[in-house]
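Undergrad: I am attaching a structure below and will ask some questions about it afterwards.
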Amino acid sequence: MIKAGMSVNESDGWRTPLTAACFKGRINVVEVLIEAGADVNLKDESSTPLTTAREEHNFDIVHKLLKAGADMNASNENNVLMLSSCLYGSLSVVEELINLGANINQGDKKYTPLTAACVFGHVNVIEELIKAGADVNLMNEHGDTPLTAALDYGHFEVVTKLINAGADGHLSDDILTRLMKLSEKRHSEIYYEDSEYDTTF
């Protein structure tokens, strides 16, 4: 294809050659395309090469793209690579991105990376973000913080970790209401667990 004089950035209407290679995990093809001048940040109909590689868990390709100048904070449908990794709880990707200097606080209107992880209760990702210095009090445009997200979705362990990490838990009426709901949920779970082992007749 390259020898025939076709552009290495020409899309077939859906994918570019580079995003197609990233999707299929063809690292040798990725290397050839990069050497031939493929644009590592060129977005196809839905994704950048970097995001495509992350979604398919092709971490070796992620590294190749980053070394070739791929923008790890480039937006993809209002999500950045770090944000989508936190949403899906991909700890290994989060660790790699942190090591490579990714922005751990860059999100979209709805989520910051830490808030996204808190919504879904990805404890290991949350611990990694906190260790890397993520802002535990960063609000989205709606005023939600990692703490309020963890409270709303009933992740008791996450609430504890956030408070220990310095999350602002000033007991406003809003926070108190959410804490009460979480406490009730936790009490119900404990009662249910205990009742499973009730041997009375």
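No value in this document is a laboratory result; all are computed from the given coordinates. Fair warning: this is a prediction, and the values are worked out from it, not measured in the lab. All Cβ positions, glycine included, derive from the backbone under ideal geometry; neighbour counts span all protein chains shown.
Undergrad: Multiply the residue separation of Asn105 and Val32 by 0.36 nm, subtract the distance between their alpha-carbon atoms, and state the gained length in nm to one decimal. Write down the numbers at each step before the final one.
TA: Details: separation 73, 0.36 × 73 = 26.28 nm, distance 3.37 nm.
Full extension of this stretch gives 22.9 nm more.
Undergrad: What list do you get for His57, His155 if you sort them by fewest beta carbons within 10 Å?
TA: The most exposed by this proxy come first: His57, His155.
Undergrad: If you take the C-alpha gyration tensor of the range 1-71, multiply each eigenvalue by 5 and take the square root, what semi-axes do you get, largest first, in whole Å?
TA: For the range 1-71, the semi-axes come out at 17, 13, 10 Å.
Undergrad: Run the quick spin-label model on Ala132 and Phe59: label points 7 Å from Cα toward the beta carbon, then report their separation in nm to one decimal.
TA: Those two pseudo-labels are separated by 1.3 nm.
Undergrad: Report the local net charge at Ser11: Lys and Arg +1, Asp and Glu -1, summed over other residues whose C-beta lies under 14 Å from its C-beta. Write down the numbers at each step before the final one.
TA: Numbers: positive: Arg15, Lys43; negative: Glu10, Asp12, Asp39, Asp44, Glu45.
Here the count lands on -3.
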